[in-house]
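Single-structure report; data block below.
The values are calculated or read from the model by the stated rules, or taken from the named source; none is laboratory data. Owing to the predicted nature of the structure, the values given are computational and were not obtained by experimental measurement. Don't worry about glycine lacking a Cβ; one is built from the backbone with ideal geometry, like all the others, and counts go over all protein chains shown. In case anyone asks, the SASA skips ligands and DNA or RNA and just uses the protein heavy atoms, side chains included. Shrake-Rupley method; radii C 1.70, N 1.55, O 1.52, S 1.80 Å.
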Amino acid sequence: MAVTHMKNPEVDLSDCSMCGVCVDLCPGIFQINESGFVEVIHSDVYSEEDIDEAIKNCRCDCIAWKESQ
């Protein structure tokens, strides 16, 4: 199921170990930026199933859904 403009994935970089599991699982959603940090690739639609899988497998529990304003 895709989610549009209601909630977006967010990475709490203060807890992130930069292990790259999210990038491996969802390369179209997460990437390592030029500074070496994980970031969410902007999209109008995110796969809820893919994000939930990244949340479930995140070793640091630093990925979450954030409600859009």
Sorted by chain and then number, the residues having a modelled amide H within less than 5 Å of the amide H of Lys7, at least 5 places away or on another chain, are Ser68
Under the helix-only model (-39500 (n - 2.57) for each DSSP H run of 4 or more, divided by the residues of the chain), the mean residue ellipticity at 222 nm, to 500 deg cm²/dmol, is -5500 deg cm²/dmol
For region 34-45, Karplus-derived ³J(HN,Hα) couplings (6.51, -1.76, 1.60; θ = phi - 60°; whole Hz; x for glycine and proline) come out as 4, 8, x, 9, 6, 9, 8, 7, 4, 8, 7, 9
Note to self: with every protein chain in place and a 1.4 Å probe, the chain gives an accessible area per residue in Å² of 66
Volume per residue (Å³) of the convex hull spanned by the alpha carbons of the chain is 84
To the nearest 10 degrees, the tilt of helix 48-57 (Cα long axis) against the first principal axis of the alpha carbons of the chain is 30
Env charge @ Val40, Cβ radius under 13 Å, K,R +1 / D,E -1, value -3
Given a Förster distance of 25 Å, the FRET efficiency implied by the Cβ-Cβ spacing of Asp24 and Glu49, rounded to the nearest 0.05, works out to 0.95
Loop-resident trypsin sites (Lys or Arg not before Pro) in the chain with no more than 16 other Cβ atoms inside 10 Å, DSSP not H/G/I/E/B, are Arg59
Expressed as a percent, the accessible surface of the chain that is carbon or sulfur, using a 1.4 Å probe and the full set of protein chains, is 47
Calc'd 3J(HN,Hα), region 14-28, phi into Karplus 6.51 cos²θ - 1.76 cosθ + 1.60 (θ = phi - 60°), Hz, glycine/Pro = x, comes to 5, 9, 6, 9, 6, 5, x, 4, 5, 5, 5, 6, 9, x, x
Length gained, Ser68-Leu13, 0.36 nm per residue minus C-alpha separation, equals 17.9 nm
